[in-house]
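*Asks:* Please see the structure below; I have some questions.
The values are calculated or read from the model by the stated rules, or taken from the named source; none is laboratory data. Treat the numbers as computed from the prediction; the structure is a model and nothing was measured. Counting neighbours? That spans all protein chains shown, and the Cβs are built from the backbone with ideal geometry, glycine included. Only protein heavy atoms, including side chains, enter the accessible area calculation; ligands, DNA and RNA are left aside. Shrake-Rupley method; radii C 1.70, N 1.55, O 1.52, S 1.80 Å.
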Amino acid sequence: MGLTSAPKGCGSSISSIYYNLCDLTTVWGVVVEAIAAAGVVTSFVLLLILICSLPFVTHKKRKGMVALQAGILVFTLGLFGLTFAFIVGRYSTSCSARRFLFGVLFSGCLACLVMHGLWLALLARRGRGPRSWMLCLGALGLWMVEVIINTEWLIITVVRSSPGGVIVPDLSCIISNQDFVMALIYVMVLLLAVVLMAVPSLTHKHKQWRRDGAFILVTGLFTLAIWVAWIVMYLHGNRVAGNPSWDDPTLAVAVVSNAWVFLFLYTIPEICLLTQEDPDQEQPLDGDDVYPARTLVYDNMLKEPENVYMDNKAFTMDEPPAVSTKPLSPYGAYNGQPRSCVYQPTEIALIAKGLTKMDQDVILPRARAPSLIPGSGSSVPRLVESLPS
C-alpha cells in the first residue's frame with residue numbers, strides 16, 4: 001500500500017496485516033502488544049529464577065511441584081506469544097494458530113493446576129500425595145486430550161471441508177464464533193475441575209497447604225470470570241453493540257489478562273514460598289548436646305571442691321572420716337578440659353571414673369601418727385611433721 005494510506009506510526013513497507021501492531025490511531029493493538037511483550041520477559045525471568053532456586057529447595061514436598069510450576073510458566077509464555085496472533089490481521093497462518101493454540105495452551109496451564117489441586121486434596125486426606133513424576137504424567141495426559149481434540153477439529157474443518165481436496169488458504173479463518181467456543185468445552189471442564197479440586201485443600205490442618213489451595217482457588221475463580229466475560233462479549237456483546245470487528249481485540253485482551261492472572265496469583269507466590277523450610281521436618285540432633293553443659297560441671301566443682309593433690313602432704317592424728325552419706329555428682333571427677341581435645345569421655349565413662357574414685361576414698365584411709373599419750377583415745381592433734389619439699 002502507498003505511503004498516504006499507511007496509518008500513523010506505520011511505515012509504507014509494512015504489510016497491512018501488521019497495522020494493528022503500530023497503528024497509533026487504534027491504541028488497543030499497541031497497548032496489548034506492550035503488555036504481552038512485558039509478559040514474555042517476565043515469564044522467561046521467572047522460569048530462570050525457578051530453575052536457579054531448585055538447588056536451594058529444602059522442602060521435599062514443594063520440590064516435587066517445581067515441574068508443574070515450570071510447565072505453567074512455559075504455557076503462560078506461549079499465551080503471551082499467542083496474543084500477537086490476535087493482534088495481527090487474519091490470514092491462514094494466524095487463524096490456524098488461533099484455533100489450535102488457544103485451547104492447547106490454556107489446557108496446559110489448567111492441567112497443571114488440576115494436578116496440583118489433586119495432590120493437595122490427597123495430602124489432606126491420606127497425609128501423603130503422589131510422586132512428582134506421577135503428577136507430570138497426569139498433567140501430560142490431560143493436556144494431550146485437548147491436543148487430540150484440536151488436531152482433529154482443525155483437520156476436519158480445513159482439509160475435509162476443502163472443495164475437491166484443494167486446500168483454500170483462508171479457509172481456516174472461515175469459522176463462526178459459536179464453533180470456536182464449542183471447540184473449547186474440554187478446556188471449560190478443566191477450568192471447573194481447577195475450582196473444585198482447590199476447595200478440599202482449604203480445610204488442611206497445615207497453614208502452608210491451605211495457602212497453596214487458596215492460590216489455586218483464586219486463580220481458578222479469576223480465570224472463570226475472565227472466560228465468562230469474553231464468551232459473553234464474543235458471542236453476544238459485540239453483535240448487540242453493532243461492532244463485530246471487536247472480536248479479535250476481545251480475544252487478545254482475554255488471553256493477555258488471563259496469562260497475567262496465572263503469573264500474579266499462582267506462579268509468583270509459589271516461587272516465593274519455594275525456598276521456605278519444611279515445618280514438619282525434624283531438626284537433626286546436634287552433636288554438642290551429647291555432652292553435658294560445661295557450666296554445670298563448673299558449678300559442681302565450685303560447690304564441692306576436692307583437694308586431691310597437695311604441695312605439702314602431712315600426717316594427721318584424726319580418725320578416719322566416716323563415709324559421707326551426701327550424694328556426690330558423678331561428674332565431680334571431670335577435669336574440665338575443653339571439648340576440642342582429642343579424647344572426649346562419654347557420660348558412662350565419667351560416671352565409672354567418679355564411682356572408682358569414691359571407692360578409693362572409702363577403702364584407703366589417711367595415714368596418721370601414733371598418739372604420744374598411752375591409753376588416750378582422744379583425737380586431739382599433737383604434732384604434725386611436715387614432709388621436706
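*Asks:* Bin width 5 Å, origin at 0, all Cα-Cα pairs of segment 193-233: what percent of pairs per bin?
*Replies:* So the P(r) values, bin by bin, are 5, 26, 25, 17, 12, 7, 5, 2, 0.
*Asks:* Also: Using a 1.4 angstrom probe and counting only protein chains, how large is the accessible area of VAL159 in Å², to 10?
*Replies:* Only protein atoms counted, so the area is about 80 Å².
*Asks:* Report the gain in length on full extension from ARG125 to LYS61: 0.36 nm times residue separation, minus Cα-Cα distance, nm rounded to one decimal. Please report the intermediate quantities before stating the final value.
*Replies:* Details: separation 64, 0.36 × 64 = 23.04 nm, distance 1.55 nm.
Value of the extension gain: 21.5 nm.
*Asks:* Right, here's the next one. Could you sort ARG128, ARG239 by their accessible area in this structure, using a 1.4 Å probe and putting the largest first?
*Replies:* On the way: ARG128 155, ARG239 130 Å².
Listed by decreasing accessible area, they come as ARG128, ARG239.
*Asks:* Report in % the part of the accessible area of segment 224-281 that belongs to carbon and sulfur, leaving out ligands and nucleic acids; probe 1.4 Å. Write out the running numbers ahead of the final one.
*Replies:* Values: 1840 of 2690 Å².
With neighbouring chains kept in place, the figure for segment 224-281 is 68 percent.
*Asks:* Residues in segment 102-130, backbone N under 19 Å from the label point at LEU137 (7 Å along the Cα-to-beta-carbon vector): list them, ranges by number please.
*Replies:* Backbone N within reach: 111-120, 122-123, 128-130.
*Asks:* Okay, moving on. For ILE351 and THR275 in the same chain, what is the full-extension length gain: residue separation times 0.36 nm, less their Cα-Cα distance, in nm?
*Replies:* Difference between extended and current length: 22.9 nm.
*Asks:* For a quick check of your reading of the filter: which trypsin sites (Lys or Arg not before Pro) in segment 1-89 sit in a DSSP loop and have no more than 11 other Cβ atoms within 10 Å?
*Replies:* On the way: sites: LYS8, LYS60, LYS61, ARG62, LYS63; in loops: LYS8.
For trypsin sites (Lys or Arg not before Pro) across segment 1-89 that sit outside H, G, I, E and B with at most 11 neighbouring Cβ atoms in 10 Å, the list reads LYS8.
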